[in-house]
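Below: one structure, written as structure tokens.
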Amino acid sequence: MRAIDPVIATVIIVAVTIAVAIAVALWMTGLVGGFTGTENLQIVNAYALATTTPGQGWSITLTVKNAGTTTATIDQVFVNGIPYDAITLTSVTGTVTVTNAKVTLTGNLPLTLSPGNSTTIQLFIPLGTSSALSFSSGQQVEIKLHTASGKTYPVQVVLP
């Protein structure tokens, strides 16, 4: 009785080794992929509307979708690089001067967004000025959404 030729035995051993290596690589990729999720917010829609009372300010609406594979938590909103809740303006409407006019956000932060879900974020920016900022019609405003993981998602909106 004859044994297997050494060349054929070597080919079989190499083929089995490669098959096992590929199986282990695919298993490890799936294992690592399960522990690493990505957050990816997409600002689907962003627009500003003047409020119904002329000279009062603007309502900015952002539609945000989480296109990532893990939950995203929006923990801060910035307007022109300043946290929205730190902006205090002085507004003059007709003959009335309003001090301490604030940029306001509808809803509360932090805002949690599951994968595949969308939400609407609304900001109100009053007409006015401060030492650092001034808002007026035709101005481009940068809104940034900051997440708990440290990422920022900017969008530009022009005030009508």
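The values are calculated or read from the model by the stated rules, or taken from the named source; none is laboratory data. From a predicted model like this one, the values you see are computed outputs, not experimental measurements. All Cβ positions, glycine included, derive from the backbone under ideal geometry; neighbour counts span all protein chains shown. Surface areas here come from the heavy atoms of the whole protein model, side chains and all, with no ligands, DNA or RNA. Shrake-Rupley method; radii C 1.70, N 1.55, O 1.52, S 1.80 Å.
Annotations
- Residues (small (G, A, S), open to solvent by less than 50 Å² (accessible area, probe 1.4 Å) and modelled with pLDDT of 80 or more) located in segment 82-106: none
- Take the conditions (1) open to solvent by 50 Å² or more (accessible area, probe 1.4 Å); (2) modelled with pLDDT of 90 or more; (3) among the β-branched types (V, I, T); V32 misses just one of them, which is (2).
- Positions within segment 46-61 being open to solvent by 70 Å² or more (accessible area, probe 1.4 Å) and at pLDDT 85 or above, in sequence order: Y47, L49
- In segment 116-147, the residues that are in contact (Cβ under 8 Å) with a residue 60 or more places away in the chain, open to solvent by 40 Å² or more (accessible area, probe 1.4 Å) and not polar (S, T, N, Q): F124, L127, E142, K144, H146
- Top-ranked residue in segment 62-72 [being hydroxyl-bearing (S, T, Y) and at pLDDT below 95; ranked as most open to solvent (accessible area, probe 1.4 Å)]: T69
- Scanning segment 148-158 for residues that are part of a strand (DSSP E or B), open to solvent by 60 Å² or more (accessible area, probe 1.4 Å) and farther than 13 Å from I125 by Cβ gives T152, P154, Q156.
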